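Chemist: Shown below is the structure under consideration.
Each reported figure results from applying straightforward, stated rules to the coordinates on display, with no laboratory input. As the structure is a prediction and not an experimental result, all values here were calculated from the model. Glycine also receives a Cβ, built like all others from the backbone with ideal geometry; neighbour counts cover every protein chain displayed.
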Amino acid sequence: MSISGKKILIAISGGIAAYKIHFLIRDFVKKGAEVQVIMTPDAEQFVTKLSISTLSKKPVYTDFYSDNGTWNSHVELALWADVMLVAPCTANTLSKMVHGMCDNLVIATYMSAKCPVFIAPAMDLDMYVHPSTRKNLEMAESFGHVVIPAESGELASGLIGQGRMAEPETISNTIENFFNSQQEAQTLRGKVVLITAGPTYEALDPVRFIGNHSSGKMGFSLAEEASKRGAKVILISGPTAQTINDKNVELHKITSAKEMLAKVFEFYDTIDIGIASAAVADYAPKEVAKEKIKKNDENLTLELVKNPDILKTMGEKKTHQFLVGFALETQNEEENAKGKLEKKNLDMIVLNSLRDEGAGFKNDTNKIKIFTRTEKKEFDLKSKDEVAKDILNFVESQLLK
Ligand SMILES: Cc1cc2nc3c(=O)[nH]c(=O)nc-3n(C[C@H](O)[C@H](O)[C@H](O)COP(=O)(O)O)c2cc1C
């Protein structure tokens, strides 16, 4: 396992430690990685494009515009990368990154990137410990970026303390370890996983709908986790406030149960695993009023008709797919869940009971039990991200049988 064939985007900003990047680029290239370098305009005061492009074997970009009048697409650069490394990362560039101050090619590329971001800060002693730097590094970590801490030693100013950019070898090892751990955990590589998430909204008139409290969190956590394990994920979601920024996840937004059904069956033949975590409305208004319904009458009677049962249809049309359903029950939980497993021809069902505090729709946590036809497993109350891991571990254990 190595970084061979990986695409590494290095952004250099204007710090004295920029000279060390030559060694890092040479190391990456020697190990078979593809390296693309971009620089802030200030970085050009510290290293030359010529030396960097000679080592990286690619042109180096510092500006949105090339001399020949073409555009250096920050979006293409960002989407090309498997990882982005900002090294050295100056106090200025760090601040721009975390506050979205997008006034150069490096920051525009960073803000377009969907890949993991590594930051190797380098500053003089007092800059590094300044509260604004501390806060900005904390923010960067809260975005999920990896900060490779500066090391202690003699600084360019002559002061002694923390602030030296990590050695190229440390940076290289950090990135190599990241790729290795990714490869080790790629237990769903080559699999296509379809996940439904969120509520559906069933229109009453142009402004009103019947919906439910599903937040979509469980489905989005599952999508993220499946992607981390190397799966290609098709995430079909009703209206939610959740967002996802992951190049392995194809997000399809729908509104109603009928739209969800149609979307699911656009992909159904191509998937290996289907996980139906959406809270699909069982009924929809028979008629959708063309105009807003006026409050003229004392009573308003709505006629509702049954929506298509998406999961049941998936079960009926199952050929090779491994199907996982969710049951949210308030009474006779286990019996109802097992009944649903049989009736809908599922391979596995995840039960959450509204009787358990912290479980179900709106919480960030969930407490589940998993059933197959022959097995039952109970889990503690956990964050939905952790629950997603438990569910996928269980799916994987079943696939190995
Ligand atoms: C000789 C010299 C060395 C510098 N070293 C650093 C440094 O190590 N870290 C840092 O944050 N800023 C350093 N600066 C200041 C940055 O170059 C300055 O804040 C610049 O605006 C950074 O721009 P950039 O982040 O767009 O590259 C240094 C400036 C000079 C003149």
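Chemist: Taking the Cα centre of the chain as origin, sum charge times position over the Cβ atoms of Lys and Arg (+1) and Asp and Glu (-1), and report the length of that vector in debye to the nearest 20. Let's see the in-between values first.
Modeler: Details: 49 positive and 53 negative charges, 169 e Å.
Computed charge dipole of the chain: roughly 820 debye.
Chemist: Under a straight-distance cross-link criterion of Cα-Cα below 16 Å, which lysines are reachable from Lys49, leaving out those fewer than 8 residues away in the same chain?
Modeler: Lys20, Lys57, Lys58
Chemist: Next question, about the same structure. By the gyration tensor of its Cα atoms, with a ≥ b ≥ c the square roots of the eigenvalues, what is the shape of the stretch 7-184: rounded for a/c under 1.5, prolate for a/b over b/c, or oblate?
Modeler: In terms of gyration-tensor shape, rounded.
Chemist: Using all alpha carbons of the stretch 196-295, what is the percent of pairwise distances in each 10 Å bin, ordered from the shortest bin to the longest?
Modeler: Taking every Cα pair in the stretch 196-295, the percentages come to 16, 44, 27, 10, 3, 0.
Chemist: Return a whole-number percent for the relative contact order of the stretch 192-399, with Cα pairs under 8 Å and 6 or more residues apart as the contact set.
Modeler: Details: 437 pairs, mean separation 40.7, N = 208.
Relative CO of the stretch 192-399 lands at 20 percent.
Chemist: Would you look at the GNM of the chain, springs on alpha carbons closer than 10 Å, and say which of Tyr283, Tyr110, Tyr65 moves the most?
Modeler: It is Tyr65.
Chemist: Here is a further query. Kindly flag which residue pairs out of Lys263/Lys317; Lys228/Lys317; Lys369/Lys401 have an alpha-carbon separation exceeding 22 Å in this structure.
Modeler: Values: Lys263/Lys317 15 Å; Lys228/Lys317 28 Å; Lys369/Lys401 20 Å.
Cα-Cα > 22 Å for Lys228/Lys317; rest within.
Chemist: Show me the ranking of peptides 379-385, 74-80 by mean Cβ neighbours inside 10 Å, starting with the highest.
Modeler: Per-residue mean Cβ counts within 10 Å order the peptides as 74-80, 379-385.
Chemist: For the stretch 7-184, give the share of DSSP beta bridges that are antiparallel, in percent and rounded to the nearest 5; count only bridges with both residues there. Provide the component values of the computation, followed by the final result.
Modeler: Values: 5 of 22 bridges.
Restricted to the stretch 7-184, the bridges split so that about 25 percent are antiparallel.
Chemist: Is there a quick way to get the dipole size of the stretch 51-171? I mean about its Cα centre, with the Cβ of Lys and Arg at +1 and of Asp and Glu at -1; what is the value in debye to the nearest 20?
Modeler: Details: 7 positive and 13 negative charges, 46 e Å.
Charge dipole, the stretch 51-171, about its Cα centre: 220 debye, nearest 20.
Chemist: How far, in degrees from 0 to 90, does helix 384-399 lean away from the longest principal axis of the Cα atoms of the chain, to the nearest 10?
Modeler: Taking Cα atoms only, the helix is inclined about 70 degrees.
Chemist: For a paramagnetic label modelled at 7 Å from the Cα of Glu169 toward its Cβ, which residues of the stretch 1-28 fall within the zone defined by backbone nitrogen distances under 17 Å?
Modeler: What the label zone holds, given the 17 Å backbone N cut-off, is 20-28.
Chemist: Just to verify a number: FRET efficiency for Leu399 and Glu378, C-beta to C-beta distance, R0 = 22 Å, to 0.05? Mind dumping the intermediate values first?
Modeler: Details: r = 21 Å, r/R0 = 0.96.
It comes out at approximately 0.55.
Chemist: Just report the Cα centroid separation between the stretch 121-164 and the stretch 281-360, whole Å.
Modeler: After rounding, the separation between the Cα centres reads 52 Å.
Chemist: Here is a follow-up. Quick check on packing: order 169-177, 316-324 by the mean number of other C-beta atoms within 10 Å, highest mean leading. Don't jump to the answer; show the numbers that get you there.
Modeler: Values: 169-177: 17.0, 316-324: 15.3.
So the peptides 169-177, 316-324, ranked by packing, come out 169-177, 316-324.
Chemist: What percent antiparallel are the DSSP beta bridges of the chain, to the nearest 5? Could you put the intermediate results ahead of the total?
Modeler: On the way: 18 of 61 bridges.
Approximately 30 percent, going by the DSSP bridge assignments.
Chemist: Follow-up. Using Cα pairs closer than 8 Å and at least 6 residues apart in sequence, work out the relative contact order for the chain, in percent.
Modeler: Numbers: 845 pairs, mean separation 41.9, N = 401.
Across the chain, relative contact order equals 10 percent.
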